[in-house]
Amino acid sequence: MTTMQKIKEIEDEMARTQKNKATSGHLGMLKAKLAKLRRDLLEPSSGSGAGAAKGEGFDVNKVGDARVGLVGFPSVGKSTLLNKLTGTFSEVASYEFTTLTCIPGVVRYRGAKIQLLDLPGIIEGAKDGKGRGRQVISTARTCNLILIVLDCLKPISHKRLIEHELEGFGIRLNKQPPAITFRRKEKGGIAFTTTASNPRLDLEAVKAVCGEYRVHNADVYVRDDSVTVDDLVDVIEGSRVYIPAIYVINKIDQITLEELNVISKLPHYCPVCAYHEWNLDGLVEMIWEYLDLLRIYTKPKGKLPDYNDPVILPRRFNTVEGFCNRIHKGIMKQFKYSLVWGTSVKHRPQKVGREHVLQDEDIVQIVKKI
């Protein structure tokens, strides 16, 4: 039996199984088996042929301060969107599969260089290796933000299909890592504890999932009611990526004003018309918001701050130490303290250490040891 046949068999069994407390352990085991089979399908031992994660035209160097991938079905307007936003030429035509490789471009916004990747259109079954789905989704995993470009005439059905394909490849959209602590140990069996008031996981399901991974001794601690068996599988697999996403509804010139008003109120949605360049400024502003980048200005001693070339920091690296490492890894060896002007301090300037948390548009002067 092939891997695809095994996956289909498990999916059919899961569809037949009623979901309740009595079946939670069995379903947990099936979901763990399914995750392992998908991993084997997408990451086979051979690095060639159909198993290759990437291919010609997909190895694009990461440049700039952030990377954004355009994902969607064929002929939804991804290439037109890239052309309008970056001035990069990506072939546009009225037939499907015009783009066959990954086309990069750069958007400059608020002093940041944001790399956009126009990826070939994916098809249903991409997560199982159909078309060039494996290469497309592998590249999408390297992005800081994903723009899911949807045709305004089929937004909901296409959205669900694309989400299903990305989920199958270990990409979790607009989600945070689950509130689970999983720690293997040498003995003591499976210990399951939770502070959730109404947990959706129980010991039987936890043991079933761990048993499928041949984990017989581990501590599992759940801190939230929302944690499910799927989340536990994700944590044990350890290869999941959590990426913000914007649903870009393109070709809005083809829908009514009433339909546009409904779309505009949905979370994570941005209506545009790439061809007519409608709301592209709004899209770029939304990209900036979802990337959650900070602009930090440098100030050499005795000189004015350099407002033309800010240092761009992801918020997770928003300390003085992160700022210094962004400029050069060797700065911290000579670091004494820094002077900061801006909203992160009470006094201007204020003397701070390496752990001080910076805010957007702060000004920093580094003082080195003599």
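Summary of computed values
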item	result
Translational diffusion of the stretch 169-232, µm² s⁻¹ [Kirkwood Rh, Cα pairs; Stokes-Einstein; 37 °C; 0.692 mPa s]	266
Rh (Kirkwood; distinct C-alpha pairs) - the stretch 293-368, Å	12.1
Gyration tensor (alpha-carbon) shape descriptor, the chain, a/c threshold 1.5	oblate
Long-range amide H partners of residue 174 with built H, under 5 Å	243, 245
Rounded, prolate or oblate (a/c below 1.5 giving rounded, otherwise prolate when a/b exceeds b/c) for the stretch 328-370 by Cα gyration tensor	prolate
Cβ crowding within 10 Å averaged over residues, with 30-37, 204-211 ranked highest first	204-211, 30-37
Backbone HN-Hα couplings from phi across the stretch 78-88 [Karplus 6.51/-1.76/1.60, Hz, Gly and Pro as x]	5, 5, 4, 4, 4, 4, 6, 7, 10, x, 7
Amide hydrogen neighbours beyond the local backbone of residue 116, cut-off 5 Å, H modeled	68, 105, 106, 107
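Laboratory data are not the source of any read-out in this text; all were calculated from the coordinates shown. Bear in mind the structure is a predicted one, so any value in this text is a computation, not a measurement. Every residue, glycine among them, receives a Cβ derived from its backbone with ideal geometry; neighbour counts consider all protein chains shown.
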